[in-house]
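S.K.: I have a structure here, written as structure tokens, and I will follow up with some questions on it.
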Amino acid sequence: MMFHKPSCTCGCLTSQNFEAAPSYETALDEQIEQSLMAGLFPEPVFRRQLLKTVGAATVLGALSTILPLDTLKAIAQENKPLEKTKLSVGFLPITCAAPLIYGERLGLYTKQGLEVALQKIPGIALIRDKMLSGELDISQQVMPVPLTMTAGLGGNTQSIKVLTILNQNGNSLVLAKKHQDNRDPKNWKGFTFAVPFEQSHQALQLRNYLAAAGLDPDQDVKFRVVPPTEYVSSLRVGSIDGFFGGEPGGQRAVYEDAGFIHLISKEIWDGHPCCSVTASEAWIKDHPNTFMAFYRAIIAASLEVSKPESRAGIPAVLAQPQYLNAPEVVLEQVMSGKYADGLGQIKTDARRIDYQPFPKYSAAVWLMVQLRRWNILKEDVDYKALAQKVMLATDAGKLMREQGATAPDAGFGKEIILGQTFDSSKPESYLKSVQKAG
């Protein structure tokens, strides 16, 4: 059964061509170079003649031996006043939000001169709409929604940037207890599954998993959009047979004896992105210094939360009512990776959830081609250009390295999903191989 899509009278993209936007670093370089030239050669006629005669590269090269541009950039970043110090930042009440929440507890926003008000928002569509309306400066968003917002899928087009990936893995495919003897997905015809959003990675991963088992996700099962906070109650009343969603939903289903963990998402796609930190391109342009201050803070928070030795105190914070409002023992199982599966087994996987902030192009491409595969995306697009436009891989990598972490180079690599290699540099070949709809 196909999802009902918002604004589905169109359902296709407003544009199929996406130019990769220049990074913040590139824009800053250009701004400093222009200011330096204007300051040293204030007479515009002479400045133009000089540049015409010897070229900007020659002039800047000579000047850089006296005053390196990297030094000027550092001074500019440190000394420019913030355009806005009080920020409204939206988060979803799931463990993906740990860096956003713990960053506040660690004082990382204050260190950058920011006063951040975290707003708990229950659903993906609502947090998306609050970003579109300008109620939020920055927000958490499930992947690949920033890509679909930029592409105009669903009718609302706004250029969105992914600063970081909040977390990898951290989801579960959960079934009701009555299905504990029905573990073969080939037998799930007629099941109803809850997912948090029709365009979410959870829905796309579940479709791929079912298809690999020989089912037609559009004909053999039903999907129902359910907020993460309602997964367990929906299982308990029997309105769904299972769900694919972010933690602590899966672990809470086990805790309340409403379901069991069929598998964790890492078993489908190890290292998959779940949620992201996003801001609109327009907001970034209006608040470049505030943007960079927050960017540095969230990178620092993610790197801290990613350390196993830092995890011990996090469940107690997340458990509080203003955040996830969940039992601490449930959150401990998610964060530690040592968990009960609801079938009498205790399992251990240290990477059940991870918090590496780097936004990979390859993951973005896979998610978008899945939307096309299932005809949710009505037309082919330049998948690689869209990934480059939305995912701020270059900037994230630079900030990670500045803080002493390692980061991969931006590029179109490969992903392993259900044991199959996906080459993100060849999305069209993949679509041909799976006989896409449409």
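S.K.: What is the residue count in region 361-383 for residues that are in contact with a strand residue (DSSP E or B) (Cβ under 7 Å, 6 or more places away or on another chain) and not aliphatic (A, V, I, L, M)?
M.R.: Selection size over region 361-383: 3.
S.K.: Follow-up. Could you please find all residues in region 386-408 being charged (D, E, K, R) and in contact with a helix residue (DSSP H, G or I) (Cβ under 7 Å, 6 or more places away or on another chain)?
M.R.: Lys389, Asp395, Lys398, listed by residue number.
S.K.: Against the condition in the same structural domain as Lys307 (by TED's automatic domain parsing), small (Gly, Ala, Ser) and touching a helix residue (DSSP H, G or I) at 6+ places or on another chain (Cβ under 8 Å), how does Ser159 come out, does it pass? Spell out how you get there, then give the answer.
M.R.: Working: in the same structural domain as Lys307 (by TED's automatic domain parsing): yes; small (Gly, Ala, Ser): yes; touching a helix residue (DSSP H, G or I) at 6+ places or on another chain (Cβ under 8 Å): yes.
For Ser159, the condition - in the same structural domain as Lys307 (by TED's automatic domain parsing), small (Gly, Ala, Ser) and touching a helix residue (DSSP H, G or I) at 6+ places or on another chain (Cβ under 8 Å) - is met.
S.K.: I would also like to ask the following. What do you reckon, is Glu256 of a type in the set (D, E, K, R), under 11 Å from Ala194 (Cβ atoms) and surrounded by fewer than 24 Cβ atoms within 10 Å (Cβ to Cβ)?
M.R.: No, not satisfied.
S.K.: Right, another one. Tell me which residues, restricted to region 213-261, are assigned to a helix (DSSP H, G or I), free of Cβ contacts under 8 Å to residues at least 40 places away in the same chain and not charged (D, E, K, R).
M.R.: From region 213-261, those assigned to a helix (DSSP H, G or I) are 228-237, 249-255; that's our starting set.
Imposing the further condition that a residue be free of Cβ contacts under 8 Å to residues at least 40 places away in the same chain reduces the set to 230, 232-233, 236-237.
Passing the criteria: Val232, Ser233, Val237.
S.K.: Follow-up. Only one residue in Thr95, Thr110, Thr150 is out of contact with any Leu (no Cβ under 9 Å at 6 or more places or on another chain), modelled with pLDDT of 95 or more and hydroxyl-bearing (Ser, Thr, Tyr). Which one?
M.R.: Thr110
S.K.: For the structure I just gave you, tell me whether Gln180 is surrounded by fewer than 17 Cβ atoms within 10 Å (Cβ to Cβ) and under 30 Å from Leu343 (Cα atoms).
M.R.: Details: surrounded by fewer than 17 Cβ atoms within 10 Å (Cβ to Cβ): yes; under 30 Å from Leu343 (Cα atoms): yes.
In short, yes.
S.K.: Scan region 299-345 for residues that are basic (Lys, Arg) and either in contact (Cβ under 8 Å) with a residue 12 or more places away in the chain or in contact with a Ser or Thr (Cβ under 7 Å, 6 or more places away or on another chain) (or both) and jot them down.
M.R.: Across region 299-345, the qualifying residues are Arg311, Lys338.
S.K.: Looking at region 262-296, which of its residues are touching a His at 6+ places or on another chain (Cβ under 7 Å) and part of a loop (DSSP other than H, G, I, E, B)?
M.R.: Once the filter is applied, which keeps residues that are touching a His at 6+ places or on another chain (Cβ under 7 Å) and part of a loop (DSSP other than H, G, I, E, B), region 262-296 yields His272, Cys274.
S.K.: Just one of the numbered conditions (1) modelled with pLDDT under 95; (2) buried (at least 17 other Cβ atoms within 10 Å of the Cβ) is not true of Gly313; which one?
M.R.: Against the list (1) modelled with pLDDT under 95; (2) buried (at least 17 other Cβ atoms within 10 Å of the Cβ), Gly313 comes up short only on (2).
S.K.: Looking only at region 171-199, which residues are more than 18 Å from Gly123 (Cβ to Cβ) and touching a Cys at 6+ places or on another chain (Cβ under 9 Å)?
M.R.: Correct list: empty.
S.K.: If a residue must be of a type in the set (A, V, I, L, M), surrounded by fewer than 18 Cβ atoms within 10 Å (Cβ to Cβ) and either in contact with a Leu (Cβ under 8 Å, 6 or more places away or on another chain) or more than 30 Å from Glu415 (Cα to Cα) (or both), how many such residues does region 318-367 contain?
M.R.: Within region 318-367, residues that are of a type in the set (A, V, I, L, M), surrounded by fewer than 18 Cβ atoms within 10 Å (Cβ to Cβ) and either in contact with a Leu (Cβ under 8 Å, 6 or more places away or on another chain) or more than 30 Å from Glu415 (Cα to Cα) (or both) number 2.
The values are calculated or read from the model by the stated rules, or taken from the named source; none is laboratory data. Being a predicted model, the structure only gives us computed values, none of them experimental. When we count neighbours, we look across all protein chains shown, and the Cβ atoms used for this are built from the backbone with ideal geometry, even at glycine.
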